[in-house]
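Enquirer: Got a structure here, written out as structure tokens. Questions coming.
The values are calculated or read from the model by the stated rules, or taken from the named source; none is laboratory data. Given the structure is predicted, the values throughout are model-derived calculations rather than measurements. Methodologically, a virtual Cβ is constructed for each residue, glycine included, from the backbone with ideal geometry; neighbour enumeration extends over all protein chains shown.
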Amino acid sequence: MAQAALNRQVVVDVVVSDSAVRESTRILLDVHDHAGRDFVSGKDYILAGNPHPDCLVTDGVLIDMTGLELLEHLRISGDNTPAVMMTTRIDTDLTTRAERLSFKLLEKPPLTDGLIGTIRDACEHDGYDHRDAESAPRFPAAFEAADGQTPSWIDNAGTGVAIFDAEHRELNEKVLDYYDAILAGEPRESLDQLFARLVVHAAEHFVHEENYMRFASYPDMAGHVAAHQALAKALGEVPAITRNVGQDRSTCALEVLRFLKRWLMDHILGDDRALGAYLNSRGIH
């Protein structure tokens, strides 16, 4: 993924009543360093008012209205915020209404690149009129990167130690590859191969970090190693979660995202950054 600074953080509000869908959508947005607010109903979003986000992502079915009704209300009220509506079925009638109301459709559950790419498409629509254009750059500029790729959370999670950062990026990619493969309905053999690569990479990475800790006499080595052991245990439980992947792919994929969020992201942003700062103070980069 790209290692380029954003002009500003992308703000994406999420209006989804289903807690599991809302959680998985927010995690995918967090992975790509997209901030924003979460809402469980259309009414809550309407009453919240400003600030207008860069993009709105809504589910097709909410507890108090449909996604279409929410978007129709916003457009009638003069709110032209770029929007994406997630739905289980896309037909001709829905496509026509999406064009009329100027929003993008996305089949759910969304793949990682599909969600970010659709948000990007929505925001690059010619009809986009940001409410605060004078104080903030046009949204597409927030996606600008040297190699044209969309930055993610991992690009802003540097530890200051090059080998750690490179391995973290690869580990992040392997988790997302596994998530996408589950949603895409890949056969069990393919899933097992992807997971095996993930486990091997995680184990090798932990060994590298622990070798550096020993070399530099890291004072919190015991706590950091314990965190690695907890990570390995959690990772080992993933195959059991995905055993019935054929019956409910979205639920299984969400568990993989939870692993990324609760363990990988939190560990890197906390424990690994602390280790990196200590190693940097010892001249290791």
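Enquirer: Looking only at the range 81-106, how many residues end up being within 16 Å of Val16 (Cα to Cα) and assigned to a helix (DSSP H, G or I)?
Expert: 0
Enquirer: Limited to the range 46-62, what total is found for residues that are among the aliphatic types (A, V, I, L, M) and closer than 18 Å to Val10 by Cα?
Expert: Of all residues in the range 46-62, those among the aliphatic types (A, V, I, L, M) come to 46-48, 56-57, 61-62.
Among the residues that remain, those that are also closer than 18 Å to Val10 by Cα are: 56-57.
Residues that pass the stated criteria total 2.
Enquirer: Given the criterion surrounded by fewer than 16 Cβ atoms within 10 Å (Cβ to Cβ), of a type in the set (A, V, I, L, M) and farther than 13 Å from Val175 by Cα, identify the matching residue among Ala227, Ala222. Step through it out loud before you land on a result.
Expert: Numbers: Ala227 fails: surrounded by fewer than 16 Cβ atoms within 10 Å (Cβ to Cβ).
The match here is Ala222.
Enquirer: Restricting the search to the range 70-80, which residues are assigned to a helix (DSSP H, G or I) and either surrounded by 21 or more Cβ atoms within 10 Å (Cβ to Cβ) or not acidic (Asp, Glu) (or both)?
Expert: The first filter runs over the range 70-80 and keeps only residues assigned to a helix (DSSP H, G or I), leaving 70-76.
Scanning the range 70-80 gives Leu70, Leu71, His73, Leu74, Arg75, Ile76.
Enquirer: While we're looking at this one, here's another question. What number goes with the only condition from (1) touching a Gly at 6+ places or on another chain (Cβ under 6 Å); (2) surrounded by 17 or more Cβ atoms within 10 Å (Cβ to Cβ) that Ile268 does not pass?
Expert: (1)
Enquirer: List the pairs whose first member sits in the range 97-113 and is aromatic (Phe, Trp, Tyr), whose second member is not in a strand (DSSP E or B), and whose Cβ atoms are under 7 Å apart, counting only residues at least 6 apart or on separate chains?
Expert: Phe103/Leu71; Phe103/Ala122
Okay, residues lined up against (1) within 24 Å of Asp155 (Cβ to Cβ); (2) at pLDDT below 85; (3) not in a helix (DSSP H, G or I):
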position: Phe195; (1), (2), (3): no, no, no
position: Leu198; (1), (2), (3): yes, no, no
position: Val225; (1), (2), (3): no, no, no
position: Ser250; (1), (2), (3): no, yes, no
position: Asp266; (1), (2), (3): yes, no, no
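Enquirer: Keeping to the range 1-50, report how many residues are assigned to a loop (DSSP other than H, G, I, E, B), at pLDDT 85 or above and not β-branched (Val, Ile, Thr).
Expert: 5
Enquirer: List, please: which pairs have Cβ atoms under 8 Å, are six or more places apart or on different chains, and start with a residue in the range 264-277 that is β-branched (Val, Ile, Thr) and end with one that is at pLDDT 90 or above and not in a helix (DSSP H, G or I)?
Expert: Ile268/Thr159
Enquirer: Determine if the range 107-124 includes at least one residue that is part of a loop (DSSP other than H, G, I, E, B) and more than 23 Å from the chain's Cα centre (by Cα).
Expert: Scanning the range 107-124, I find no residue that is part of a loop (DSSP other than H, G, I, E, B) and more than 23 Å from the chain's Cα centre (by Cα), so the answer is no.
Enquirer: Being of a type outside the set (S, T, N, Q), modelled with pLDDT of 80 or more, touching a Leu at 6+ places or on another chain (Cβ under 7 Å) and more than 23 Å from Asn50 (Cβ to Cβ), is that true of even one residue in the range 118-136?
Expert: Kept after step one, since they are of a type outside the set (S, T, N, Q), are these residues of the range 118-136: 119-134, 136.
Then drop every residue that is not modelled with pLDDT of 80 or more, which leaves 119-124.
With touching a Leu at 6+ places or on another chain (Cβ under 7 Å) added as a condition, the list becomes none.
No, the range 118-136 contains no residue that is of a type outside the set (S, T, N, Q), modelled with pLDDT of 80 or more, touching a Leu at 6+ places or on another chain (Cβ under 7 Å) and more than 23 Å from Asn50 (Cβ to Cβ).
Enquirer: Identify the residue in the range 202-212 that is buried (at least 16 other Cβ atoms within 10 Å of the Cβ) and either without any contact (Cβ under 8 Å) to a residue 12 or more places away in the chain or under 13 Å from Leu235 (Cβ atoms) (or both) and, among all such residues, is nearest to the chain's Cα centre (by Cα).
Expert: Ala202
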